[in-house]
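Below is one structure, written out as structure tokens, with a few remarks after it.
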Amino acid sequence: MPLNAYLIVGALLFTIGAAGVLVRRNPLVMFMSIELMLNAVNLSFMAFAHFLDSVDGWMFVFLVLTVAAAEVVVGLAIIVAIFRTRREIDVDELNTLKG
Amino acid sequence: MILASSVFDFTPTAQDWLRILPELIVLGAALLVLLADLAIPAKGRGWLALVGLLGVVAAAVVTAGMWISGDGLTAFNGMIASDKAALFADLVILFAAALGLLFSPGYVERQGIRQHGEYYTLLLLAALGMMLMASAASLLIVFAGLEVLSLALYILSAFIVARPRSQEAGMKYFILSSFASAFLLYGMALTYGATGATALTAIHDFVARHAAPTGDFRPLLLAGLGLMAVGFCFKVSAVPFQAWTPDVYVGAPTSITAFMSVGTKVAAFVALARVFMVALGPVAAAWSPVLWAVAVLTMIGGNLYAVTQRDVKRMLAYSSVANAGYMLVAVVTGTQQALAALLIYLAAYATMNLGAFGVVLALERSDGLGTVLEDFNGLARRRRGLAAVLAVCLLALAGIPPTVGFAGKFAVFYAAIAGGRLELAIIGVLTSVLGMFYYLRVIWAMYFVEPQPARPAPAFVVAPAAPPASASAAASSSTGGVAVAEPRIATTVRADPAAVSVAETPHVVYPGTWLALALALIATIALGILPGALVDLATQAAQSLLR
């Protein structure tokens, strides 16, 4: 397959993820959308690394995967903490701070 | 597919480890604090700050030593730089971390945070991430440093678990910052695809050889630049990507706000300078119009938003947005002189902003309130020392000589004019004048306004769906009217104490806080009267980065 095919799929996934973050109101779903964006990036990195025959892209992918895992831990912990005090987690209800 | 096997031949030497010694010391201190937390009995947890502080001071001493005798080369196969720009940024970040640690014990105790060990460990790890990001010589390390600092700060923002405002700050910071990270990362991927490299020097060589002479920027490179610019603008809280800043700065524990408002700015701006001014300098024509527009929007927008704020913490948050605009002016100018000016401004911003947030932190009550403009009325009579420190820091933020704020603004605008960006300098000066209004308003309140006794707290905290408790209602009605509004607030924001101000006895300001405030004050004035040393250091740092 040509490089462009991978890049187009990556761009599509990234756009779907970005749209998900902007449109959805549940932090869990927004969070999943961010993961989708990160994986779109991974796909692009792998495609480039393959076609450029360079290892930098592969290294980046490992780093991104690790960071994504760490983000899951922190993000879910914050969501759980909020759910414990409020019993719901819609981001539209997170409006104590404004102005 | 064949991978170039020669890449794996690299073996780290002792020199490599020496070049990242400051980072290693901060990491060691973070782990030591985590261990000491288990050994120290609950009553003495305040001493953990001292352990962290010793680590930070040791790292600063080593950094200063590296400035004098280090070789300034990159470590680990061109991954991490130890040039003077990195060391300069490290020193400013360590200064911010030290002051953050000094602010913390008293504040943490008053806010009822019990997990001291985790708090100080995460603070030190955030400092480590900032130092890494500022020292990055490869896109890989820019991202790694950014994530180390962000992950620590997400947790720290939400650290007062029982307080909805803190939770909300953590949540907003987490979602928006990860969103921005994804953009930055996608930009890095496309730049990698367009240039075939992640090392900043290699990217520089590629664009200087292929893209710059022809002026033919491939769409891939342009898309990569744009996405990276968006990601960075989010991180430095430039307009129109500033939405998260005030909420996070207000909701997070103030000791953390003080530290991160300075530390993340230093890390992100030095990384931005490394990527855009240095590595992508040859193709400045492709990115400088975009950052030009962002800089103008940020200077105007940040100051306009700040004028409308009643809460001083929130005003300072928007002031940090406005300051990001002045720093962007230096980035857009792009000369070596502008880079030195950027570093001077970052150091100036660190001292004056830490001082201002430090006073706000010392005044904040145990329910996290007490920082609106009305609370500062007549402060000079009640708290002479705190009012004086805040007055000096606000004058510095307004850019009035002989403070360091003036030196910073002068350096940036002078570099902009010398670099042929007269229009940016003019807009910068005009918006600074606008900025004086909201800084001086606080000083006016402290020194010339009579305090109103037993005035109810303002509308800022008031919960959603509780219109009766708006500011005017609370102010005009007697206690009876407020009492009606109170239960309703209590149901919506359960863990938050009542929005009505309880007359709390003035708390003691801890010695550590005083020491930190004194340090910030001395630095603000001393560097303002004698900016020569700072200018000299910043110029050396800029020369190490941009030739």
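The values are calculated or read from the model by the stated rules, or taken from the named source; none is laboratory data. Source: prediction; values computed, not measured. Every residue, glycine as well, gets a Cβ built from its backbone with ideal geometry; the counts of neighbours run over all protein chains shown.
Annotations for the structure displayed:
- None of B:PHE103, B:PHE159, B:PHE88, B:PHE95 is under 20 Å from B:GLU364 (Cα atoms), in contact (Cβ under 8 Å) with a residue 12 or more places away in the chain and more than 14 Å from chain A (Cβ to nearest Cβ) except B:PHE103.
- B:VAL294 vs. criteria over 18 Å from the mean Cα position of the chain (by Cα) and more than 14 Å from chain A (Cβ to nearest Cβ): yes
- Of the residues making up region B:388-423, those that are surrounded by fewer than 24 Cβ atoms within 10 Å (Cβ to Cβ) and either at positive phi or part of a loop (DSSP other than H, G, I, E, B) (or both) number 5.
- Only one of B:GLY78, B:GLY72, B:GLY52, B:GLY28 that is under 24 Å from B:TYR119 (Cβ atoms), touching a residue at least 40 places away in the same chain (Cβ under 8 Å) and of a type outside the set (Ser, Thr, Tyr): B:GLY52
- Any hit, region B:48-57, residues being outside any helix (DSSP H, G or I) and surrounded by 14 or more Cβ atoms within 10 Å (Cβ to Cβ): no
- Any hit, region B:3-17, residues being assigned to a loop (DSSP other than H, G, I, E, B), of a type in the set (S, T, N, Q) and modelled with pLDDT under 95: yes
- Some residue of region A:50-59 being more than 9 Å from every other protein chain (Cβ to nearest Cβ) and assigned to a helix (DSSP H, G or I): no
- In region B:193-208 there is at least one residue that is facing another protein chain (nearest Cβ under 8 Å), assigned to a helix (DSSP H, G or I), over 28 Å from the mean Cα position of the chain (by Cα) and surrounded by 23 or more Cβ atoms within 10 Å (Cβ to Cβ).
- Residue list for region A:11-27, restricted to those being within 10 Å of chain B (Cβ to nearest Cβ) and either touching a Cys at 6+ places or on another chain (Cβ under 6 Å) or touching a residue at least 12 places away in the same chain (Cβ under 8 Å) (or both): A:ALA11, A:PHE14, A:GLY17, A:ALA18, A:VAL21, A:PRO27
- Candidates B:GLY302, B:GLY325, B:GLY251, filtered to the one that is of a type outside the set (Phe, Trp, Tyr), in contact (Cβ under 8 Å) with a residue 24 or more places away in the chain and either within 24 Å of B:ALA89 (Cα to Cα) or surrounded by fewer than 24 Cβ atoms within 10 Å (Cβ to Cβ) (or both): B:GLY325
- Within region A:28-48, at least one residue is under 23 Å from B:ASP247 (Cβ atoms), surrounded by fewer than 19 Cβ atoms within 10 Å (Cβ to Cβ), more than 9 Å from chain B (Cβ to nearest Cβ) and touching a residue at least 60 places away in the same chain (Cβ under 8 Å).
- The set of residues in region B:123-161 that are among the polar types (S, T, N, Q) and in a helix (DSSP H, G or I) comprises B:SER150, B:SER157.
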